[in-house]
Amino acid sequence: MDYQDLLYVEQDGVATITINRPEVYNAFRAQTVEELIHAFQRAGWNPDIGVIVLTGAGDKAFCTGGDQKSHAGSYGGRGTIGLPVEELHTVIRDVPKPVIARVQGFAIGGGNVLALLCDLTIASDKAQFGQVGPKMGSVDPGYGTAYLARAVGEKKAREIWYLCRRYKADEAERMGLVNKVVPHEELDAEVAAWCAEIMAKSPTALAIAKRSFNADSEHIRGQASMGLQALALYYETDESKEGVRAFNEKRPAEFRKFHKK
Ligand SMILES: CC(C)(COP(=O)(O)OP(=O)(O)OC[C@H]1O[C@@H](n2cnc3c(N)ncnc32)[C@H](O)[C@@H]1OP(=O)(O)O)[C@@H](O)C(=O)NCCC(=O)NCCSC(=O)CCC(=O)c1ccccc1C(=O)O
């Protein structure tokens, strides 16, 4: 596959996958998600690769979730919501090697969920994290909620979703979203050092460890697929579409005008 929305580099046993849509803060459209799935499979099953790094192009954003300029209702591609996010989420978990999120800017919405799903997260001190679904007419019901609660605790996860605030890197580290925060200029060296440490370990032992961690939260896959079915119906409502419209018109959303119950 020729990638339009990604950069893919293999070097010294590390595959680096970069979402390359800086003009929309590395938001993803259906094409991007298809390419990410392909790239994770490609790196994940290549025996020469020991670690996968996921990042975003430029300094502004790691990823800001679904591209709000490319949809009104369904995202128009494959999968329950027209964006095969279920497959993307599960491939990050299923590849038998550690995946590191290199977060240099905003990890927001579906972008925060991607960083969360990576095995490890290393962030620059300029990174910011948060969910925005209820502000934008969306939600990630499954890994975005239940798995987040495992990382940061129930109270904090509910705060993150209900208030849609942004959290600086040091706060994200304290709450368990991030493994390590380093000065922005040191991010690449830190990621390279973690990759080198992992490359020196037994790949089979790492694969067994990863899969045994996964086993304990595997039921969330089922919750996610039920939740996405509901989300697909929600995306067709005027209440959800108001979120996308308001973002693109650069005004606050007026959800309550469209809320029926
Ligand atoms: C990221 C921001 C907080 C940055 O704010 P700020 O610094 O003020 O910059 P802006 O001027 O807002 O943005 C700069 C520039 O980038 C464009 N942009 C930013 N984000 C997006 C985006 N997501 N889509 C399209 N474009 C984007 C922005 O329009 C500006 O360009 P201009 O040309 O100047 O207009 C802030 O930008 C922000 O909050 N962004 C929106 C984030 C967002 O709404 N994300 C989508 C959330 S919903 C979602 O991800 C769910 C979709 C989904 O995929 C999903 C569904 C179901 C289950 C799971 C998932 C999943 O996990 O992904």
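None of the figures in this text is laboratory data; all of them are computed from the coordinates on show. What you are looking at is a predicted structure, and each value in this text was computed from that prediction instead of being measured. Don't worry about glycine lacking a Cβ; one is built from the backbone with ideal geometry, like all the others, and counts go over all protein chains shown.
Listing for the model above:
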{"quantity": "Shape box of the stretch 45-112 [Cα atoms, principal axes, largest first, Å]", "calculated": "41, 29, 15"}
{"quantity": "Top of Gly77, Gly130, Gly44 by mean-square fluctuation, Gaussian network on the chain, Cα under 10 Å", "calculated": "Gly77"}
{"quantity": "Among the listed pairs Lys69/Lys155; Lys60/Lys155; Lys135/Lys155; Lys241/Lys261, those beyond 22 Å (Cα-Cα)", "calculated": "Lys69/Lys155; Lys60/Lys155"}
{"quantity": "Most mobile of Gln41, Gln104, Gln11 in a GNM of the chain (Cα contacts under 10 Å)", "calculated": "Gln11"}
{"quantity": "Whole-Å distance, taken between Cα centres, linking the stretch 156-192 and the stretch 136-155", "calculated": "15"}
{"quantity": "Phe28 long-range amide H proximity, modeled H, under 5 Å", "calculated": "Thr64, Gly65, Gly66, Asp67"}
{"quantity": "Gain on full stretching of the segment that runs from Ala151 to Ala189 - 0.36 nm per residue minus C-alpha separation", "calculated": "11.1 nm"}
{"quantity": "Residues Ala230 and Lys69, FRET efficiency given R0 of 25 Å [Cβ-Cβ distance, rounded to 0.05]", "calculated": "0.55"}
{"quantity": "Three principal axis lengths of the chain [C-alpha, angstrom, descending]", "calculated": "57, 35, 35"}
{"quantity": "Theoretical FRET efficiency, 1/(1+(r/R0)^6), r = Cβ-Cβ of Val9 and Asp125, R0 25 Å, to 0.05", "calculated": "0.50"}
{"quantity": "Debye intensity ratio I(q)/I(0), log10, the stretch 35-180, q values 0.10, 0.15, 0.17 Å⁻¹ (C-alpha model)", "calculated": "-0.32, -0.74, -0.96"}
{"quantity": "Percent of Cα pairs exceeding the 21 Å cut-off, where the set is the stretch 184-261", "calculated": "63"}
{"quantity": "Label point at Ser217 placed 7 Å out along Cα→Cβ; residues across the stretch 121-139 whose backbone nitrogen lies under 16 Å", "calculated": "121-122, 130-131"}
{"quantity": "Estimated FRET transfer efficiency when R0 is 51 angstrom, pair His259-Ala200 (beta carbons, to 0.05)", "calculated": "0.40"}
{"quantity": "Calculated [θ] (222 nm, deg cm²/dmol) that DSSP helices of n ≥ 4 give over the chain, each run adding -39,500 (n - 2.57)", "calculated": "-13000 deg cm²/dmol"}
{"quantity": "Rounded to 5, percent antiparallel among DSSP beta bridges of the chain", "calculated": "25"}
{"quantity": "Most mobile listed residue (Ala15, Ala127, Ala232) in the chain, GNM with C-alpha springs under 10 Å", "calculated": "Ala232"}
